[in-house]
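What follows draws every value from the coordinates through simple rules; no lab data is involved. Nothing here was measured: the structure is a model prediction, and the numbers come from that model. Cβ coordinates were reconstructed from backbone atoms using ideal geometry, including for glycine residues, and neighbour counts include every protein chain displayed.
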Amino acid sequence: MTENTLRQPVEIQFKTELDALLGHDVALKLPKPDNWMLSPQAVVLYLMGGKTHDGTLISAKYIGQRRLIETAVATLATDRALLLLGVPGTAKSWVSEHIAAAVSGNSQQLIQCTSGIDENQIRYGWNYALLLAKGPSREALVATPLMRAMQSGTIVRFEELTRMGSDIQDTLITVLSEKVLPIPELNDAVHATQGFNLIATANDRDKGVNELSAALKRRFNVVVLPLPESPEQEIAIVKQRVADIGVGLRLPEIAPADKEIARLVTMFRELRNGETEDGRHKVKSPSSTLSAADAISVTVGAWSEAAYFGDGSIDAEKLANNIVGAVLKDPVQDRIALEEYLENVIKPRKDWRDLYAAVRESL
Ligand SMILES: Nc1ncnc2c1ncn2[C@@H]1O[C@H](COP(=O)(O)OP(=O)(O)OP(=O)(O)O)[C@@H](O)[C@H]1O
Ligand SMILES: [Mg+2]
């Protein structure tokens, strides 16, 4: 990986913070589970942000309830695996990546679950040239991220666990309950090293997902990541992530867009909650989630437009196209919902006239 890599793994991006936390653990003599890079307290400090013993500033990765992150981290020190559940865009993948980086120093042991995945991609595969030449042997075995994590005592991540078939999901039962991965072909097995655990993510909104079997569910501790509670919290998330992403993409600098971000977040919250923030008007909700993640994408899109095709500041016009794209997932129903919202809520707001006109024009 070079400095031109589009997105570095978080353990590289945040190496300075992770190093400072290593020092913090030593100075405070905090105990850590076998094979963990940091203590559970330091992992939570890394996620929630704060200061180390010597005053080094740690940025907040997750903005929300500390208790949720504490439960998630504590779970990984037990014999149960962690399942992060929530609607799309609630930072499940983001939290999973950061926790893996802080616990194991490696967030890259990852299996993306799909409906087409088979057992060989989860347990182990074979190098067929070697298999034919020498027959089954350890040498001919191709390890998966799961097997490597078991051998090295680290965290493996499963993205979108419920997208793979239930029969394939159940492959994990023995691994999670007995911490062993049998290799019947060799009459052998891989026994997990201390420190091994699994973080899975799943969203409860998508169609076509495969429910977890009761047997597998029992092996997970479920932590539900909620949508941000307050508008202030959501605005803070969007501002911080937009700034990070824009800098990562090396977008030309533009004027601060705080006012536009606040309006955008208000709009998305009202549409998603089905009522205006003052509770006075009911609003039809569109089919899209319109989470903080959607507001982040819209703002980054508007930033790029403003920087390359505008006067260097995000205005209603730059936001409008991106807003329409985010809201209209169903071209008929969502259009009706957005039009009603525009006419009944946005139009009467005097200082939102520019946004009304721009969105109207983009529709
Ligand atoms: N509470 C939050 N704190 C910090 N960042 C957040 C929060 N909520 C959302 N985000 C940001 O939203 C973006 C999307 O998050 P992520 O991709 O992890 O969502 P997800 O829950 O995995 O969604 P999906 O179900 O679509 O995979 C990330 O940039 C993340 O930083
Ligand atoms: Mg995700």
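Which of Ile122, Leu290, Ile237 sits closest to the plus end of the dipole of the chain, meaning its Cα is farthest towards the positive end, when Lys and Arg get +1 and Asp and Glu get -1 on the C-beta?
Of Ile122, Leu290, Ile237, it is Ile122.
Given R₀ = 56 Å, FRET efficiency for Ser362-Ser137 by Cβ-Cβ distance, to 0.05?
Numbers: r = 62 Å, r/R0 = 1.10.
For Ser362 and Ser137, the calculated efficiency is 0.35.
May I ask you to sort Asp34, Asp118 by Cβ crowding, counting other Cβ atoms within 10 Å and putting the fewest first?
Asp34, Asp118
I'd like the trypsin sites (Lys or Arg not before Pro) in segment 268-306 restricted to DSSP loop residues with at most 12 other Cβ atoms within 10 Å, sorted by number. Can you show the working numbers first?
Working: sites: Arg269, Arg272, Arg280, Lys282, Lys284; in loops: Arg280, Lys284.
Sparse-neighbourhood loop trypsin sites (Lys or Arg not before Pro): Arg280.
For segment 70-224, would you read off the P(r) tail past 20 Å as a percentage of all alpha carbon pairs?
Taking all Cα-Cα pairs of segment 70-224, the fraction more than 20 Å apart is 48 percent.
Using the basic label-point model (7 angstrom from Cα toward the beta carbon), what is the Thr78 to Tyr308 distance in nanometres?
In this crude spin-label approximation the distance works out to 4.9 nm.
Quick one: net charge of Asp167's neighbours, Cβ under 11 Å, K/R +1, D/E -1?
Working: positive: none; negative: Asp118, Glu119, Asp170.
Residues close to Asp167 contribute a combined charge of -3.
At a Förster radius of 30 Å, what calculated FRET efficiency corresponds to the Cβ-Cβ distance of Ala214 and Arg148, to the nearest 0.05?
On the way: r = 29 Å, r/R0 = 0.96.
My answer for the efficiency is 0.55.
Report ³J(HN,Hα) in whole Hz for each residue of segment 62-73, in order, from the Karplus equation J = 6.51 cos²θ - 1.76 cosθ + 1.60 where θ = phi - 60°; Gly and Pro get x.
Couplings: 10, 10, x, 6, 4, 3, 5, 5, 4, 4, 4, 5 Hz.
Using a 7 Å offset from the Cα along the Cα-to-Cβ direction at both Asn221 and Glu339, what is the distance between the two label points in nm, to one decimal?
About 5.1 nm separates the two model spin labels.
If each residue's Cβ is checked for other Cβ atoms within 10 Å, how do Phe309, Phe158 rank with the fewest at the top?
The order, fewest Cβ neighbours first, is Phe309, Phe158.
If amide hydrogens are placed 1.01 Å from N in the peptide plane, which non-local residues have theirs closer than 5 Å to the one on Ser107?
Counting only residues 5 or more places away or on other chains, the set is Glu11.
For the pair Glu185 and Glu232, how long in nm is the line joining their label points, each one 7 Å along Cα→Cβ?
Reported label-point gap for Glu185 and Glu232 is 5.9 nm.
Could you list, in their original order, any pairs among Lys15/Lys217; Lys239/Lys329; Lys92/Lys179; Lys15/Lys318; Lys61/Lys329 whose Cα atoms are separated by more than 31 Å?
Values: Lys15/Lys217 34 Å; Lys239/Lys329 24 Å; Lys92/Lys179 24 Å; Lys15/Lys318 35 Å; Lys61/Lys329 29 Å.
Those over the limit are Lys15/Lys217; Lys15/Lys318.
Among Glu270, Glu229, Glu275, Glu160, rank each residue by its count of other Cβ atoms within 10 Å, from fewest to most, as a rough exposure measure. Walk me through the numbers on the way to the answer.
Working: Glu270 21, Glu229 10, Glu275 15, Glu160 18.
The most exposed by this proxy come first: Glu229, Glu275, Glu160, Glu270.
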